[in-house]
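Asks: This is the structure, below, for whatever I ask next.
The values are calculated or read from the model by the stated rules, or taken from the named source; none is laboratory data. Remember, it's a predicted structure, so these values are computed and weren't measured experimentally. Neighbour counts are summed over all protein chains in view; Cβ atoms, including those assigned to glycine, are modelled from backbone coordinates with ideal geometry. Just the protein is used for accessible areas: all its heavy atoms, side chains included, with ligands, DNA and RNA removed. Shrake-Rupley method; radii C 1.70, N 1.55, O 1.52, S 1.80 Å.
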Amino acid sequence: MIFLKTDEEVELMRASNILLGKTYAEIAKYIQPGVSTAQLDKIAYEFIMDHGGRPACLGYEGYPAATCISVNEQVVHGIPSDKVVLKEGDIVSVDCGTFMKGFVGDSAYTFAVGAVAEEVRQLMEVTKEALCKGAAQAKVGNRVGDISAA
């Protein structure tokens with residue numbers, strides 16, 4: 001069931017998601033060979049807390065981190081670790097959520113670590129394009145099927 005949000009609730013959701021986008025921009029500055037996924041998690045945690053939010057993942061059903069970080073073929077929800085260190089050519093998916101004033105912003109974004117293989121770069125480009133085409137169909141009057149068809 002879909003619960004319609006008031007204009008005020010939509011603005012609160014927007015604020016949480018803006019913080020999430022800024023968190024990804026901050027994390028992106030540090031994605032490079034030699035950085036551990038635990039270091040990225042700490043950066044996200046501190047950034048979210050310093051900007052009036054709190055990490056939505058942290059503590060959820062006992063989850064120990066602010067983010068879920070998966071490297072290469074690891075599917076999703078990797079737990080950040082000092083033992084997982086990024087290297088040239090990796091791709092790293094960061095799944096992050098921000099909680100502010102009762103609302104959660106939540107998404108995942110995949111970053112390239114330095115230069116990646118051409119087929120990997122192309123996959124990242126095509127999937128981002130598909131996301132944008134789908135998002136363009138998320139508008140009043142359309143159905144969920146319009147998003148997936150795009």
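Asks: I want to confirm something. Restricting to region 1-44 and keeping residues that are in a loop (DSSP other than H, G, I, E, B) and not hydrophobic (A, V, I, L, M, F, W, C), which single residue is most open to solvent (accessible area, probe 1.4 Å)? If you could, list the steps in order and put the result at the bottom.
Replies: Residues of region 1-44 that are in a loop (DSSP other than H, G, I, E, B), as a first pass: 1-6, 29-35.
Imposing the further condition that a residue be not hydrophobic (A, V, I, L, M, F, W, C) reduces the set to 5-6, 29-30, 32-34.
Values: LYS5: 93, THR6: 75, LYS29: 138, TYR30: 92, GLN32: 96, PRO33: 65, GLY34: 55 Å².
Among those residues, the one meeting the criterion is LYS29.
Asks: What is the number of the single condition among (1) closer than 16 Å to ALA28 by Cβ; (2) among the hydrophobic types (A, V, I, L, M, F, W, C); (3) without any contact (Cβ under 8 Å) to a residue 24 or more places away in the chain that VAL75 does not meet?
Replies: With respect to (1) closer than 16 Å to ALA28 by Cβ; (2) among the hydrophobic types (A, V, I, L, M, F, W, C); (3) without any contact (Cβ under 8 Å) to a residue 24 or more places away in the chain, VAL75 is out only on (1).
Asks: Here is a follow-up. Please go through region 59-76 and pick out each residue that is modelled with pLDDT of 95 or more, in contact with a strand residue (DSSP E or B) (Cβ under 9 Å, 6 or more places away or on another chain) and on the phi < 0 side of the Ramachandran plot.
Replies: Across region 59-76, the qualifying residues are ALA65, ALA66, THR67, CYS68, ILE69, SER70, VAL71.
Asks: Between a residue in region 7-21 that is within 12 Å of HIS51 (Cα to Cα) and any residue that is hydroxyl-bearing (Ser, Thr, Tyr) and not in a helix (DSSP H, G or I), which pairs come within a Cβ distance under 6 Å, given they are 6 or more apart or on different chains?
Replies: Pairs found: SER16/THR98; LEU19/THR98; LEU20/THR98.
Residues checked against (1) among the hydrophobic types (A, V, I, L, M, F, W, C); (2) within 14 Å of the chain's Cα centre (by Cα):
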| residue | (1), (2) |
| --- | --- |
| MET1 | yes, no |
| ILE27 | yes, yes |
| ILE48 | yes, yes |
| GLY52 | no, no |
| GLY97 | no, yes |
| PHE103 | yes, no |
| GLY114 | no, no |
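Asks: Looking at PHE47, PHE99, which is the one that is open to solvent by less than 40 Å² (accessible area, probe 1.4 Å), aromatic (Phe, Trp, Tyr) and within 19 Å of ILE27 (Cβ to Cβ)? Please lay out each step first, then the result.
Replies: On the way: PHE99 fails: open to solvent by less than 40 Å² (accessible area, probe 1.4 Å).
One residue alone meets the criteria, PHE47.
Asks: Also, quick follow-up: Among the candidates TYR24, TYR30, single out the residue that is of a type in the set (Ser, Thr, Tyr) and farther than 14 Å from GLY105 by Cα. I'd like the intermediate steps shown before the answer.
Replies: On the way: TYR24 fails: farther than 14 Å from GLY105 by Cα.
When all the criteria are applied, what remains is TYR30.
Asks: Do we find that VAL140 is without any contact (Cβ under 8 Å) to a residue 12 or more places away in the chain, surrounded by fewer than 12 Cβ atoms within 10 Å (Cβ to Cβ), out of contact with any His (no Cβ under 9 Å at 6 or more places or on another chain) and under 24 Å from ILE27 (Cβ atoms) in this structure?
Replies: On the way: without any contact (Cβ under 8 Å) to a residue 12 or more places away in the chain: yes; surrounded by fewer than 12 Cβ atoms within 10 Å (Cβ to Cβ): yes; out of contact with any His (no Cβ under 9 Å at 6 or more places or on another chain): yes; under 24 Å from ILE27 (Cβ atoms): no.
So VAL140 fails the test.
Asks: Next question, about the same structure. Kindly indicate whether any position in region 68-88 is surrounded by 17 or more Cβ atoms within 10 Å (Cβ to Cβ), under 18 Å from the mean Cα position of the chain (by Cα) and of a type in the set (Asp, Glu).
Replies: no
Asks: If you take the residues in region 33-51 that are touching a residue at least 24 places away in the same chain (Cβ under 8 Å) and in contact with a Lys or Arg (Cβ under 9 Å, 6 or more places away or on another chain), which one is nearest to VAL104 (Cα to Cα)?
Replies: Here the answer is ILE48.
Asks: Return the pair list, or none, for Cβ contacts closer than 7 Å from residues in region 104-132 that are closer than 14 Å to SER70 by Cβ to residues that are open to solvent by 60 Å² or more (accessible area, probe 1.4 Å) and not basic (Lys, Arg), at least 6 apart or on different chains.
Replies: Within 7 Å, the pairs are VAL113/GLN32; VAL113/PRO33; VAL113/GLU88.
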